[in-house]
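Inspection log for the structure reproduced underneath, given as structure tokens.
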Amino acid sequence: MAGLYVGATAGYSGKNMIALGIGLWLQKQNLKVGYLKPVGAMPVEKNGKLGDEDAFFMQQVLGLDQDPSLVTPVLVTQDFKVKAFSGQCHDLMADVRDSYEKLSAGKDLTLVAGSGSMYSGRYCNVDGVSVVKNLGIKAIVIDRFEKELKYDYLAVMREQLGDQLLGVVLNDVPATYMDELRSMLIPFLEGAGVKVLGVIPRDPLLGAIKVTDLAERLGGKIISAHGKADRVVENFLIGTMQVENFLTHFKKHRNSAVIVGGDRSDVQLVALEGDCPCLILTGNLYPNEIILTRSEVLEIPIIIVREDTFSVAKKMETLLSRHKFRDAVKIKQGAEIVAANVDLAYIRQQLGV
């Protein structure tokens, strides 16, 4: 009854993508894969049952259909927080162990998905480190590149988990950092007993978001070219500069949404003629008729939002780094990237499945 905990140094590090990549690959090897998410931080109701949003998604992709209360024994609702912070919780780890035993029955491997970081849930004694130790399973820890990698954290994980740490996966690494990674960081980690199972390069598609989802997340409204609202945004540019300077930057970032004031028709026109995926007009200002007409003709959606340009840009930055791994095209791409860049054969061998 093998188990593998998939955790991370922080939230939004790629746990779902890597867990799915491992699970789908093992299923192709004709192995039976189970799934457990001990702690769910995103409670949603589906078919009259309360469960975790990520857990519902992962079960669907892996072709599983288990009771949500079994799959996610600890669901963090407001009521749960009140009990946890006032010390009224029972032994939650016993619930996790019970779920693991039931979900593992008849499976070659059970994927145990972390929530947040390896220390999330410490306040109620169901953090990742405690779960791994209590279940007696192996773990991999994902570290996503954000300005740098959290090599200190990974070294501490080796001390905390010992031989239960199977290794680490370094995710979303930009090409400019690869030389330093291979010449310095990987040798350091492996010298500290931390095996690097894979390095996943940055892929724009995995961080992309559809225009429809973008409008919803920004609290905006699409006012034109509705038929092309499934276009994908990979990045964004702020159009507050002079047209000449904007044009120089825009030519280098073709798949970027352009965030610009509703009164800057000069920049809006340049962005439309340059085939940007969408325009985001701030300040709740509607464009003039020329811009609206060109938007319809060129089939480029325009989103109107209430907030100022700076506030929208900050939201966009967060959205593109934390957008959920949901679209079918992303699942396929993500699974292929994991299979190509992570030593799955080694993981399988170490787990004995």
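The values are calculated or read from the model by the stated rules, or taken from the named source; none is laboratory data. A quick note: this is a predicted structure, and the numbers were derived from the prediction, not measured. The accessibility values were calculated without ligands, DNA or RNA, using every heavy atom of the protein model including side chains. Shrake-Rupley method; radii C 1.70, N 1.55, O 1.52, S 1.80 Å.
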- Note on the structure: the chain, Gaussian network, Cα under 10 Å: of Gly114, Gly63, Gly128, the residue fluctuating most is Gly63
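Express the accessible area of the chain per residue in Å², computed with a 1.4 Å probe while the remaining protein chains stay in the model.
On the way: 16290 Å² over 353 residues.
Solvent-accessible surface per residue comes out at 46 Å².
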- Global form of the range 1-73, assessed from the alpha-carbon gyration tensor, a/c cut-off 1.5: oblate
- Message: In whole Hz and in residue order, list the ³J(HN,Hα) couplings for the range 61-77 that follow from phi through the Karplus curve 6.51 cos²θ - 1.76 cosθ + 1.60, θ = phi - 60°; x for Gly and Pro.
- Response: 5, 7, x, 10, 8, 10, 4, x, 6, 7, 5, 10, x, 10, 10, 7, 9
- Message: With every protein chain left in place and a probe of 1.4 Å, what is the accessible surface of Lys32, to the nearest 10 Å²?
- Response: 130 Å²
- Task: Take every Cα pair under 8 Å in the chain that's 6+ residues apart, average their separations, divide by the length, and report that relative contact order as a whole percent.
- Result: 18 percent
- Message: For Val267, Val76, give me the order by solvent-accessible area with a 1.4 Å probe, most accessible first, ignoring ligands, DNA and RNA.
- Response: Val76, Val267
- the range 53-208: Lys pairs at Cα distance under 28 angstrom, eight or more positions apart or on different chains: 15
- Message: At 0.36 nm per residue, and after removing the present C-alpha to C-alpha distance, how many nm does the segment from Glu53 to Glu307 gain when stretched out fully?
- Response: 88.6 nm
- Task: Provide the per-residue ³J(HN,Hα) series for the range 173-187, in order, calculated from phi with Karplus coefficients 6.51, -1.76, 1.60 and θ = phi - 60°, each as a whole number of Hz, with x at glycine and proline positions.
- Result: 8, x, 4, 5, 9, 4, 4, 4, 4, 6, 7, 10, 6, 4, x
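Please give the calculated 222 nm ellipticity per residue for the chain, where each DSSP H segment of at least 4 residues contributes -39500 (n - 2.57) and the sum is spread over every residue; nearest 500 deg cm²/dmol? Before the final figure, lay out each step's value.
Details: 15 runs with 147 residues, N = 353.
One gets -12000 deg cm²/dmol as the mean residue ellipticity at 222 nm.
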- At a 1.4 Å probe radius, carbon and sulfur cover how many percent of the accessible area of the range 8-151? 46 percent
- Message: Rounded to the nearest percent, how much of the accessible area of the range 190-246 (1.4 Å probe, protein heavy atoms only) is carbon and sulfur?
- Response: 47 percent
